[in-house]
Amino acid sequence: MRARRRAPRKPAALSSLPVIDRYREIESVALEMLEAGRAGDWARVGDLGSTIRTLADGVARAGGPDTLDAQQRRERLRILARLVAVDADLRRLSDPASAWLDSMFGPARHDAHNRPL
């Protein structure tokens, strides 16, 4: 039985969120997206990708990273690094042949938790 994650926040609820919380929400949805990819639920991956785009647009409208303090900027960078890792994992899941290219041209592969594969 597949566990259901809580529904992403509605746009009205997002409007009052601090910028760093918007980044955290993007990270949460991206991790759900990775789980959907691992389960082969590509329609869900697409839906969650749309959710992430909406959330990212909200970050820009809320003032973007310029509104963050030093600690929040560090957290933002951690989140962005994790998003890149999640994206790489999703690409490998959707196109297993890309792993061959990673091994030829990329550094050592890591999963979304920065563990070597």
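Some observations on this one:
- In the stretch 8-50, the residues that are open to solvent by 70 Å² or more (accessible area, probe 1.4 Å) and modelled with pLDDT under 85: ARG9, LYS10, PRO11, ALA12, SER15, SER16
- Residues of the stretch 51-71 that turn out to be buried (at least 16 other Cβ atoms within 10 Å of the Cβ) and under 19 Å from SER16 (Cβ atoms), as a count: 6
The values are calculated or read from the model by the stated rules, or taken from the named source; none is laboratory data. Computed from a predicted structure; not experimentally measured. All Cβ positions, glycine included, derive from the backbone under ideal geometry; neighbour counts span all protein chains shown. Side chains are part of the model used for accessible areas, which takes the heavy atoms of the whole protein and leaves out ligands, DNA and RNA. Shrake-Rupley method; radii C 1.70, N 1.55, O 1.52, S 1.80 Å.
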